[in-house]
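A short write-up of the structure that comes next.
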Amino acid sequence: MALPILPTTMVGSYAMPGWLERLKTEYFARRISRHELDEIHDTAVKAAIKDQEVAGLDIVTDGEPRRDNMVDYFLERFPGVQIDRTSKKFYYDFYDSVVKGKLPMASLGLVADFKFLQTFAERETKFCVTGPHCLTKRIRNEFYPSEEALAMDIARVMNMELKALVKAGAKLLQIDEPYYSGFPEDLPWAVKVLNTLVEGVDAKIGVHICYGNRYGKPSWEGSYRYLFPGILEAKVHQLTLEFARRGGEDLDLFKEFKPPFELGLGVIDVKIHDVETPDMVAQHIRKALDVLPPEKIVVLPDCGLFHLPRDVAFSKLKTMVEGTRIVRKELGK
Amino acid sequence: MILNLNHLHGESAGATARDVVETVYKLVEEGQIAPNEFASLRIQLDWIQYKQNFRDIVSVAQGSNTRGDALSIMDVHIDTRQVVPGCLRDGILRAMARVNPETSPEMRDQDRLPLEDFQSLRTSIVWDFNKLYWTRLRDWEEATGKSYERSLPGGVSDGHQPQAIADSVGDFWTLLKDMEAKKNLPPEVYILEIGVGAGIRMGLWLDKFRHLDQQRQTNYYPKLRILLGDYSLQTLDMSKPAVKEHTDLCSFMVLDALNPLKTLSFLRHKIMQVHSTNVYDNLPDEEVLRRDGRLYFVQVRAYLPIADVVKIGETFDLPPDKITPCVHRLLEGGMDTLGDRARGLAFWQAVWNAIRLEERLVLLEDLPDFPFPEGLDAAKLEDILAGAPSDFRFHLSSGALESFINTLPLLHPRGYLQVQDIFVTDFNAYRMGFYGPGKLDGTLLSWVNGVLLREVAERAGYDVHFAPFHYRKGSKTSILYTTRRE
């Protein structure tokens, strides 16, 4: 499927409705079965896909309603990661997890979720996974000599999974690494880990790096300058960064370092409920066009829409599409 | 009959409990209380520690639906502290008569002058008195010859304790140092004080911070941007002298403590420290009763006891039917609307001293549009109450919750909120003491439900901790502080 210029997409997650939060909690309280919860998740994924398509996005994700948070969905699937299932009070909490031995190579079973997305989506799809650096920060390491060593083994296991996703038809993959911004000193080894993760994966690969969105709040503040020049070593095709909330100052880094990547341009602030106007979106894109050609820009929100009410998230996506259309028109596309 | 002892103050509890039981049995023997009334009678013995409060010695709260029809639930409240020998019989009889369906509305109200209809405490007229107090603080203080601070228990605000301020300064300096080491120190460091009082705390805090900064040669002081917020312009003006040495760093702004974000949304995620002292306990509040698995909302109606109506009428030469309009004029236009200022102020104080609150209990499920404070709804409240006592009455702390939820988004990722106040940190405490509302000078105050704050904060991404204020012996205040939840 050919994509238009300035394609629009989400970072990954769509609004998590209050009713689904309650049902997840019901599951943890053993008041509904796993089978029922799976069916509820399937329905929520279909609804999220439909909302994205109606909003006019060119590339859709599954909206990630199956994921209690960006970490547990993966760690639960990792053989060798021990999870304390009593450690969670609310579904969104993180499990306490620990690694006490070498991680075995094993499938994480993500392909089924990708295939579900592919079955119900009528647009191009993107599948998102949380990156090894972020996962490493949430695991208590009682075996590996360093965080880097643990992250490297996580990357090896996930590399196999990414290849399975490609084999199943995935063409666009996104690695989410929000913890880079909290631990900029890790960047040299984090990029090596990233390259191990994507080695031999025959798909377009983006890396999403933000300043955190836990509970809908930033976890850190600062400038993306810490990414450069280290990130230039990353063997990926796209960097997805937040600019709507933080302003466009860091766009100059693309002028200064001329990275080979496409830019996933965050144009929607996901931490406020006010819906932007199409003009505001267009303005963000025009600013980026001063630095990069349109062929190298993908338009998306700053981060996942997980914490926004559904109606707000939907309106923001529609606005984003409308704003993008304004600029496409200006470009004669 | 069930007799609940809701306090640990044992001094006169035994005697009162005995008196209550003997009085009720006597009334049953005399046929004044029917056996079926006796069976459903539930008497709550409280100890109201506030000398000025809203309670009669005996009062009754009856269950009611939204149409005003009586439900079987009924609580008789007796203030153990006010009980004197021989007063119970009449009090209990009057209370029972009030809820007797055969008593006409006129007869029910013959001993009082209602100032409003039943409603949420948070919208009650008593909050208009509170607002009047803060906007006319100077006049009140001049008239009484006593500052607000001198009315506080201990006669001084815990917020001004020098060592507590020094420790707060030290902690904050350490945070800035750490951020600087990580190259994350912002060029401007915002600090917000909600409810400035006389400005003394902020003045002392800045003095100490400047001193420490100079001593350690870190040059953080010029980066500070101090925001002093209060909803009373008069209070803001009164706070200026206390921070006069730091004026260049300070901005004074009229700010609604219930929603600081409304004024300061441009500083979302940018404020390093938000602080308040004795603000939450003075924000609109309401109570909920949990009984037999169901939740009842406590509605109130402010009234003046008829004896006070007569006294106020005589003192101010007002016929009884003119008192309510005069009260409304006072609240809308201030003391000057009642002839001269001194007379207005005296009328204000007389009414405030006399004002009482009567209560009724409305099933929460009858109120589908009940305006829960932000961060809370019926389902969440049920979840939170899962481990709570099955039979107790607690504060919803609506104003505190609203303020809290509308302050958190202002915090920088490394920022924190510190609230020095009176908190209930365990639901069981509500069965061992009275936590308001009470009157303090011209204001009203309630302890803040720290359990609800803690639970709501968790869903908003913060852990809440309560540290007892150990700097003054006997202090009942604690310091709430937030840490980010991972």
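The values are calculated or read from the model by the stated rules, or taken from the named source; none is laboratory data. Here the structure is a predicted model, which is why all the values come from computation and not from measurement. Counting neighbours? That spans all protein chains shown, and the Cβs are built from the backbone with ideal geometry, glycine included.
Only one of A:I326, A:I285 is farther than 27 Å from A:A44 by Cβ and in contact (Cβ under 8 Å) with a residue 60 or more places away in the chain; which?
A:I285
Among the listed residues A:A234, A:A190, identify the single one that is more than 13 Å from chain B (Cβ to nearest Cβ), of a type outside the set (V, I, T) and within 27 Å of A:D68 (Cα to Cα).
It is A:A190.
Among the residues of region B:87-102, is there at least one that is closer than 28 Å to B:A350 by Cα, in contact with a Lys or Arg (Cβ under 7 Å, 6 or more places away or on another chain) and crowded, with 16+ Cβ neighbours inside 10 Å?
Yes, the conditions are met somewhere in region B:87-102.
For region B:168-179, name all the residues that are within 14 Å of chain A (Cβ to nearest Cβ) and either exposed (fewer than 13 other Cβ atoms within 10 Å of the Cβ) or not in a helix (DSSP H, G or I) (or both).
Of everything in region B:168-179, just one residue is within 14 Å of chain A (Cβ to nearest Cβ) and either exposed (fewer than 13 other Cβ atoms within 10 Å of the Cβ) or not in a helix (DSSP H, G or I) (or both), namely B:D178.
Quick one: is B:L330 surrounded by 13 or more Cβ atoms within 10 Å (Cβ to Cβ), hydrophobic (A, V, I, L, M, F, W, C), without any contact (Cβ under 8 Å) to a residue 40 or more places away in the chain and more than 14 Å from B:L113 (Cα to Cα)?
No: the conditions fail for B:L330.
Mind checking which residues of region B:330-375 are in a helix (DSSP H, G or I) and among the acidic types (D, E)?
Scanning region B:330-375 gives B:E332, B:D336, B:E365, B:D366.
Can you tell which of B:A97, B:A164 is in a helix (DSSP H, G or I) and touching a residue at least 12 places away in the same chain (Cβ under 8 Å)?
Of the residues listed, the single one that is in a helix (DSSP H, G or I) and touching a residue at least 12 places away in the same chain (Cβ under 8 Å) is B:A164.
So in region A:171-202, with the set limited to residues that are under 19 Å from A:G222 (Cα atoms) and among the charged types (D, E, K, R), which one is farthest from the chain's Cα centre (by Cα)?
Result: A:E185.
Residue under question is B:P260, and the condition is that it be buried (at least 22 other Cβ atoms within 10 Å of the Cβ) and closer than 16 Å to B:M202 by Cβ; does it hold?
Taking the combined requirement at face value, the residue satisfies it.
Is it the case that some residue within region A:269-291 is within 28 Å of A:E199 (Cα to Cα), at pLDDT 95 or above and aliphatic (A, V, I, L, M)?
Checked against the condition, which is being within 28 Å of A:E199 (Cα to Cα), at pLDDT 95 or above and aliphatic (A, V, I, L, M), region A:269-291 yields no hits at all.
To keep it simple, each residue is scored yes or no on (1) under 26 Å from B:P371 (Cα atoms); (2) modelled with pLDDT under 95.
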site	(1), (2)
B:K244	no, no
B:F252	no, no
B:S276	yes, no
B:D292	yes, yes
B:P305	no, no
B:E314	no, no
B:T337	no, yes
B:G344	no, yes
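Run B:H465 past the list (1) under 20 Å from B:L283 (Cβ atoms); (2) modelled with pLDDT of 95 or more; (3) more than 14 Å from chain A (Cβ to nearest Cβ) and report the number of the one that doesn't hold.
Failed condition: (1).
Would you point out which residue out of A:L305, A:L289 is within 20 Å of A:A15 (Cα to Cα), more than 14 Å from every other protein chain (Cβ to nearest Cβ), out of contact with any Cys (no Cβ under 7 Å at 6 or more places or on another chain) and not basic (K, R)?
A:L305
Taking the condition away from every other protein chain (no Cβ under 14 Å), of a type in the set (D, E) and over 23 Å from B:R42 (Cβ atoms), does B:E402 pass?
yes
Identify the residue in region B:202-212 that is over 18 Å from B:V254 (Cα atoms) and either of a type in the set (K, R) or crowded, with 18+ Cβ neighbours inside 10 Å (or both) and, among all such residues, is nearest to the other protein chains (Cβ to nearest Cβ).
Residue satisfying both the conditions and the ranking: B:F209.
B:I384 is checked against (1) part of a helix (DSSP H, G or I); (2) over 25 Å from B:W447 (Cβ atoms) and fails just one. What number does that condition carry?
B:I384 satisfies every listed condition except (2).
Looking at region A:237-286 only, could you name the residues that are within 14 Å of chain B (Cβ to nearest Cβ) and either part of a helix (DSSP H, G or I) or on the phi > 0 side of the Ramachandran plot (or both)?
Within region A:237-286, A:G247, A:E249 qualify.
When you look at A:Y73, is it surrounded by 16 or more Cβ atoms within 10 Å (Cβ to Cβ) and within 14 Å of another protein chain (Cβ to nearest Cβ), yes or no?
When the stated conditions are applied, A:Y73 does not pass them.
Within region B:113-120, identify whether any single residue is out of contact with any strand residue (DSSP E or B) (no Cβ under 8 Å at 6 or more places or on another chain), crowded, with 18+ Cβ neighbours inside 10 Å and more than 14 Å from chain A (Cβ to nearest Cβ), and answer yes or no.
Checking region B:113-120: not a single residue is out of contact with any strand residue (DSSP E or B) (no Cβ under 8 Å at 6 or more places or on another chain), crowded, with 18+ Cβ neighbours inside 10 Å and more than 14 Å from chain A (Cβ to nearest Cβ).
Restricted to region B:340-374, and to residues that are small (G, A, S) and over 19 Å from the mean Cα position of the chain (by Cα), which residue is farthest from A:R22 (Cα to Cα)?
B:A342
Mind checking which residues of region A:76-109 are touching a strand residue (DSSP E or B) at 6+ places or on another chain (Cβ under 7 Å) and either within 14 Å of chain B (Cβ to nearest Cβ) or in a loop (DSSP other than H, G, I, E, B) (or both)?
If the condition is that a residue be touching a strand residue (DSSP E or B) at 6+ places or on another chain (Cβ under 7 Å) and either within 14 Å of chain B (Cβ to nearest Cβ) or in a loop (DSSP other than H, G, I, E, B) (or both), then A:E76, A:G80, A:S87, A:Y95, A:D96, A:S97, A:K100 are the ones that fit.
Say we look at region B:1-28 and pick out the residues that are aliphatic (A, V, I, L, M), loosely packed, with under 14 Cβ neighbours inside 10 Å and over 20 Å from B:M74 (Cβ atoms); which of these is farthest from the chain's Cα centre (by Cα)?
B:A15
In the set B:R414, B:R431, B:R472, which member is among the charged types (D, E, K, R) and modelled with pLDDT of 95 or more?
B:R414
Condition first: in a helix (DSSP H, G or I), among the small types (G, A, S) and in contact with a Leu (Cβ under 7 Å, 6 or more places away or on another chain). Now tell me which residues in region B:236-289 satisfy that.
B:S239
Residue by residue through region B:442-462, note down the ones that are within 14 Å of chain A (Cβ to nearest Cβ) and among the hydroxyl-bearing types (S, T, Y).
The one that is within 14 Å of chain A (Cβ to nearest Cβ) and among the hydroxyl-bearing types (S, T, Y): B:Y462.
The rows are residues; the columns are (1) over 20 Å from B:H275 (Cβ atoms); (2) buried (at least 21 other Cβ atoms within 10 Å of the Cβ); (3) away from chain A (no Cβ under 14 Å).
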| site | (1), (2), (3) |
| --- | --- |
| B:W134 | no, no, yes |
| B:W140 | yes, yes, yes |
| B:A143 | yes, no, yes |
| B:G155 | yes, no, yes |
| B:A166 | no, no, yes |
| B:K183 | yes, no, no |
| B:I191 | no, yes, yes |
| B:I194 | no, yes, yes |
| B:A198 | no, no, yes |
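Within region B:95-137, take every residue that is charged (D, E, K, R) and at pLDDT 90 or above and give me the one that is nearest to the chain's Cα centre (by Cα).
So the residue we want is B:R122.
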